[in-house]
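The values are calculated or read from the model by the stated rules, or taken from the named source; none is laboratory data. Remember, predicted model here, so these are calculated numbers, not experimental data. Cβ atoms come from the backbone with ideal geometry, glycine included; neighbour counts cover every protein chain shown.
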Amino acid sequence: MDLKDTYTTVFLKAANQSVDTNTLKQYRSTWWWNVRDNISSGLRLTEPAMDFIGKEAQIKTYKVEFPKDFAITAQILLWLENNIDGPYYITKKSITVLKEKAAFQLYMFSGDIKKMGYNKALARKFSQESDAE
C-alpha cells in the first residue's frame, strides 16, 4: 500500500465509510491528480477529494492565498509534487494543505511557493557544502 492508498483509507474512515479494495480503487482514481503507484508521484488532490475531505470527512485543512501577481508554472507544479510531503490542493489563487507544518511554511513565505522553493534549494546547497568541509 502506497501513501495515496493510506491517505484514501484515512479519509474514508474519517467519514465512517467502509474500506475495501474496490472502494479504494474507485476513490483513488478520482481523488488523486496523479494516480501512478510510485512514491515520487506526488500527493496533489482533485476538487472532488477536497469536497469529500471538507464535507464528509471533516478533516481540518489550511488554505494559503497566493500573492496577487503570482503565476503557477510547470516548474512550481513539479516542485510541489516532489517537495510537499502531504496531500495538497492547488488553484490559481491558493493552495490548501492538510499538514500544519506545510501550512506554517507557506504562511512564512506569504504563499509564494517560488520563494519557498528557492530558499529550500539554497538551504540544501549550503547543507551539502558544510558537510563536504
Point to revise | Condition broken by Ala123, with the remaining ones in (1) aliphatic (A, V, I, L, M); (2) surrounded by fewer than 16 Cβ atoms within 10 Å (Cβ to Cβ); (3) under 18 Å from the mean Cα position of the chain (by Cα) satisfied | key: (3)
Exercise for review: Within segment 29-57, track down each residue that is modelled with pLDDT of 95 or more, in a helix (DSSP H, G or I) and touching a Leu at 6+ places or on another chain (Cβ under 8 Å).
Suggested key: Trp31, Ile53
Review point. What pairs can you find where one residue is in segment 1-29 and over 15 Å from Leu45 (Cβ atoms), the other is in a helix (DSSP H, G or I) and of a type in the set (Ser, Thr, Tyr), and their Cβ atoms are less than 6 Å apart, with a gap of 6+ or different chains?
Key: Val19/Thr9; Leu24/Thr8
Study note, to complete from the structure: Among residues of segment 78-104 being modelled with pLDDT under 90, surrounded by fewer than 18 Cβ atoms within 10 Å (Cβ to Cβ) and assigned to a helix (DSSP H, G or I), the residue farthest from the chain's Cα centre (by Cα) is Leu78
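Quick check: is even one residue across segment 68-76 out of contact with any helix residue (DSSP H, G or I) (no Cβ under 7 Å at 6 or more places or on another chain), surrounded by 15 or more Cβ atoms within 10 Å (Cβ to Cβ), on the phi < 0 side of the Ramachandran plot and not polar (S, T, N, Q)?
Step one: list which residues in segment 68-76 are out of contact with any helix residue (DSSP H, G or I) (no Cβ under 7 Å at 6 or more places or on another chain), which gives 68-75.
Going one step further and asking which of them are surrounded by 15 or more Cβ atoms within 10 Å (Cβ to Cβ), we end up with 70, 72.
Okay, now just the ones that are also on the phi < 0 side of the Ramachandran plot, so 70, 72.
The next check asks that each one be not polar (S, T, N, Q); those that pass are 70, 72.
Yes: segment 68-76 contains one or more residues that are out of contact with any helix residue (DSSP H, G or I) (no Cβ under 7 Å at 6 or more places or on another chain), surrounded by 15 or more Cβ atoms within 10 Å (Cβ to Cβ), on the phi < 0 side of the Ramachandran plot and not polar (S, T, N, Q).
With respect to Lys68, is the statement that it is of a type in the set (Lys, Arg), more than 21 Å from Trp33 (Cα to Cα) and either modelled with pLDDT under 85 or not in a loop (DSSP other than H, G, I, E, B) (or both) true?
Criteria not met by Lys68.
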Check your understanding: Any residue at all in segment 46-68 that is touching a Phe, Trp or Tyr at 6+ places or on another chain (Cβ under 6 Å) and among the small types (Gly, Ala, Ser)?
Key -> yes
